[in-house]
Amino acid sequence: MAHLDFTTDIQYLKGVGPKRGEVLAAHGIDTVGKLLFYFPRKYIDRSEVDEISSLRENDYKTVVGKVLGKGLLRGGKTRLEVILGDDTGHLSLMWFAGYRYFEKQFKKGDELAVTGTVTYFQGYQMLHPEFEFIGGDADEQIHTGRIVPVYPLTAELNKVGLTSRSIRKLIKTALDAVGGNVEEYLPPEIIEAEKLTGLSEAIYEMHYPSETEAAEAARHRLAFDELLHLQFLLQSRKHKFKQKEKLHACKQPGKMFTTILDQLPFKLTPGQKKSLDHIIDDMVSKRPMNRLLQGDVGSGKTVVAILAAILAVENGGQAAIMVPTEILAEQHYKNWKEPLAKAGISSGLLIGSIKAKGKRETIAALASGEINIIFGTHAIISKTVEFSDLRLVVIDEQHRFGVMQRSKLAEKGDQPDRLVMTATPIPRTLALTLYGDLDVSTIPDMPPGRQPVKTVWRFSSVLGDIYKYIDGEIEKGNQAFVIFPLVEKSEKLDLKAAEEGYKELTEKIMPHRKIGLVHGRIKADKRDATIEQFHDRKLDVLVATTVIEVGIDIPNAGILIIQHAERFGLSQLHQMRGRVGRGSRRGLAVAIAYHPVSDIGRRRMEYFASTTDGFKIAEADLELRGPGEFFGIRQHGLPEFRIANPVTDQEILIRAREWAEKLYKEHTRDAEKTRFLLNHTAVFSNLQADLIDVA
Ligand code: ADP
Ligand code: MG
């Protein structure tokens with residue numbers, strides 16, 4: 001075989017060829033080196049696996065076995081049963097939801113590791129267990145070690161015969177060919193100071209862990225590399241940004257600003273004040289502001305953003321406030337239009353569902369400078385929108401926007417100040433990972449008088465009692481949200497569920513109450529009218545899909561019912577809970593779960609009911625989802641990590657950040673010295689892609 005090295009095209013590796021090579025390249029694995037950096041998603045330790053015969057009801061265990069057979073069971077609810085056997089017995093695995101999809105996944109003879117809670121129904125079974133394919137008919141040498149690596153897979157890889165097992169085989173071939181020749185790229189002083197495993201060994205141990213400790217040391221080393229790389233990118237981004245100068249720095253707040261501030265119906269909380277001070281300092285400074293404002297739902301970020309916008313206007317500029325939903329944009333606009341107008345500031349609304357004529361007028365008024373503050377959705381970033389002098393951009397609920405959308409708005413001005421806001425609170429060290437290039441302000445306190453929302457979760461069987469209780473509350477003047485999930489995949493079904501839920505409430509459960517329905521498919525004006533009625537207490541109950549998840553503010557609504565709570569993520573549940581308990585009355589949130597509920601689902605709901613601390617929720621959410629889970633990470637706006645876990649690797653993160661700062665200083669003196677960070681790490685190109693938003 002010809003000589004192979006890191007840069008050899010993947011198709012020349014024995015066992016690959018042009019067809020598999022193409023599919024691998026499409027997954028970012030176009031060279032032998034990148035294959036070696038294609039690390040397992042997790043490891044299964046065979047010595048910690050239980051025997052099927054030892055399982056008892058309610059155990060939460062992992063077993064490894066082979067698929068002995070499968071079949072769809074009809075009658076009642078259709079479900080998929082897969083029989084899994086090991087040397088000691090067999091177990092039945094059941095899927096209700098998505099059984100068609102799962103049926104295609106399993107073949108007789110597949111070896112699986114399965115984790116879940118054991119239940120008993122005509123024999124032991126697990127409902128919707130987590131599972132991993134760990135091999136097929138074993139190829140002794142490389143597949144039967146004690147610790148079995150499990151590789152990330154996709155349907156496309158599967159189609160060309162690339163399973164966890166065959167990937168392991170390819171990696172073995174690649175390691176045999178280049179294994180000893182992996183060139184260390186980290187400077188020796190870092191390796192020594194941090195006591196890092198050498199690169200060759202680390203790569204080997206990641207794929208063929210000899211024992212858990214060595215594998216952990218290897219992972220530590222590569223997580224360090226990944227975080228170092230990220231931190232270095234963030235450093236350079238931050239410095240690039242700070243080099244620029246604004247055309248117009250603001251003056252200290254004057255009369256317009258202070259008049260509005262004095263006329264607010266409440267006093268700012270200490271956290272709001274402090275954050276506002278940071279923002280004013282930034283806006284007065286010559287360098288553009290690049291700040292993250294974080295605060296739990298209901299902490300009052302909006303008013304801080306509005307005050308920043310007023311400062312921009314007072315200094316002769318325009319401000320844009322972009323939010324993720326039309327409902328929220330409208331709400332901000334309605335709430336602030338009058339008070340702003342009184343101070344001589346004109347505001348406008350730009351959202352997709354406005355009629356073309358109105359849109360044209362608003363766009364013209366923005367271009368001429370007639371509108372000072374625009375509220376809107378991503379409609380604001382469409383090509384036709386131009387500003388006369390955009391000086392401040394605010395992005396609310398920033399984790400809902402892609403990085404590209406965020407920078408597009410800023411590009412409509414010349415070095416505008418930027419403020420991004422998030423209600424998904426992020427642990428401090430995590431904020432460093434994510435926003436290493438941003439300055440961060442936090443509102444740690446809530447407006448006075450707020451009490452934590454009482455939260456419980458129940459199975460749907462008791463829904464009748466819950467509605468009875470709520471009816472009593474409505475009698476006392478309370479109002480309730482009833483939320484149905486909206487998952488893109490099955491949007492039609494979900495809308496139907498919401499509509500049916502609405503029908504059932506109006507016709508059967510509470511025919512004597514006034515009930516409204518809103519979801520994304522209802523025309524904007526009708527939707528607004530309904531929300532306004534609810535706001536004005538002309539409706540008792542608002543049935544909604546998750547369109548209300550973000551931001552809307554109805555102070556009198558004290559009750560929240562979340563249908564199919566098992567389908568929501570923790571942070572999402574927490575955001576919804578933020579809708580209630582905004583008035584003086586204590587809020588109540590009831591999460592309703594429908595069978596079957598996975599173990600993770602159950603843990604999520606238990607955690608949700610156990611705390612209202614947004615920081616704890618965010619942490620638990622990341623942990624429960626696992627960093628490998630693309631969507632979990634995206635929700636928080638985190639880059640997609642290959643190896644590092646931003647929650648559990650915070651120590652490594654801090655070390656990496658220190659080195660990145662040092663290296664960046666060296667880099668400004670001699671870029672040659674830090675070349676390795678940009679070169680070798682093509683393997684971490686995932687980070688670069690996520691950080692395209694370089695200011
Ligand atoms: P979020 O941070 O979730 O965006 P909002 O800005 O929507 O929170 O504020 C939630 C509610 O609290 C609004 O009704 C707002 O008027 C009110 N609010 C904001 N700041 C204060 C304050 N300092 N005192 C009392 N109420 C406040
Ligand atoms: Mg908000």
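In the assembled protein chains, Glu361 presents an accessible area of approximately 110 Å² (probe radius 1.4 Å). The figure for Arg458 is an accessible area of roughly 110 square angstrom, using a 1.4 Å probe on the protein chains alone. A helix-only calculation puts the chain at -12500 deg cm²/dmol for mean residue ellipticity at 222 nm, using -39500 (n - 2.57) for each DSSP H run of at least four residues, averaged over all residues.
Stretching the chain fully between Asp262 and Gln533 yields a gain of 94.6 nm (0.36 nm per residue, less the alpha carbon separation).
How much FRET efficiency would the formula 1/(1 + (r/R0)^6) give for Thr611 and Asp553, where r is the Cβ-Cβ distance and R0 is 30 Å, rounded to 0.05? Computed FRET efficiency for Thr611 and Asp553: 0.85. Working from label points 7 Å from Cα in the Cα-to-Cβ sense, the Lys342 to Glu666 distance is 6.0 nm. A 1.4 Å probe run over the chain, with the rest of the protein chains in place, finds 45 Å² accessible per residue.
Modelled label positions at Glu216 and Thr88, each set 7 Å beyond Cα in the direction of Cβ, lie 2.6 nm from each other.
Counting only protein heavy atoms and using a 1.4 Å probe, the accessible area of Leu663 comes to about 10 Å². The value for the range 454-611 of Rg(Cα) / (2.2 N^0.38 Å) is 0.96. Annotation: the antiparallel percentage among DSSP beta bridges lying fully within the chain is about 40.
Under 17 Å of direct C-alpha separation, and excluding same-chain neighbours fewer than eight residues apart, Lys242 reaches these lysines: Lys286, Lys665.
Taking label points 7 Å from Cα along the Cα-to-Cβ direction, Ile466 and Glu22 give a separation of 5.1 nm. Per the Debye calculation on the chain with a single equal scatterer at every Cα and no solvent contribution, log₁₀ I(q)/I(0) for q = 0.06, 0.09 Å⁻¹ amounts to -0.41, -0.93. The range 343-398 and the range 653-667 have Cα centres spaced 41 Å apart. Coupling constants for the range 115-123 follow from the phi torsions by the Karplus curve (6.51 cos²θ - 1.76 cosθ + 1.60, θ = phi - 60°), and in residue order they are 10, x, 8, 8, 10, 10, 8, 6, x Hz; glycine and proline get x.
Tell me, what % of the accessible area of the range 354-397 is carbon and sulfur with a 1.4 angstrom probe?
Carbon and sulfur together cover 54 percent of it.
If the segment from Glu57 to Lys242 were pulled out straight at 0.36 nm per residue, it would be longer than the present Cα-Cα gap by 60.6 nm. The Cα center of the range 518-585 and the Cα center of the range 237-287 differ in position by 32 Å. At a Förster radius of 56 Å, what calculated FRET efficiency corresponds to the Cβ-Cβ distance of Ala97 and Lys334, to the nearest 0.05? So the FRET efficiency works out to roughly 0.90. Of Lys538, Lys42, Lys255, the residue with the largest accessible area leads and the full order is Lys255, Lys538, Lys42 (1.4 Å probe). The listed residues Thr611, Thr442 rank as Thr442, Thr611 when sorted by accessible area, largest first, using a 1.4 Å probe. A cut-off of 5 Å between modelled amide H atoms, ignoring neighbours fewer than 5 places along the same chain, links Leu349 with Phe375. Each part reduced to its alpha carbon centroid, the range 593-611 and the range 53-129 end up 21 Å apart. Of Thr546, Thr163, the residue with the largest accessible area leads and the full order is Thr163, Thr546 (1.4 Å probe).
Amide H contacts for Gln318 (H built 1.01 Å from N in the peptide plane; partners 5 or more residues away or on another chain; cut-off under 5 Å): Asp389, Leu390, Arg391, Leu392.
When all alpha carbon pairs of the range 148-234 are counted in 10 Å bins from zero, the resulting P(r) reads 16, 39, 33, 12, 1 %. Shown in residue order for the range 285-299 are the 3J(HN,Hα) couplings computed by the Karplus curve 6.51 cos²θ - 1.76 cosθ + 1.60 at θ = phi - 60°: 5, 6, 8, x, 6, 9, 10, 9, 10, 10, x, 4, 3, x, 7 Hz (x for Gly and Pro). Here's how it looks for Phe481: its modeled amide H is under 5 Å from those of Leu542, Ile559, Leu560, Ile561, which are all 5 or more places away or on a different chain.
The values are calculated or read from the model by the stated rules, or taken from the named source; none is laboratory data. Please read all numbers here as calculations on a predicted model, not as lab measurements. Every residue, glycine among them, receives a Cβ derived from its backbone with ideal geometry; neighbour counts consider all protein chains shown. Keep in mind that these areas ignore ligands, DNA and RNA; they rest on the heavy atoms of the full protein, side chains included. Shrake-Rupley method; radii C 1.70, N 1.55, O 1.52, S 1.80 Å.
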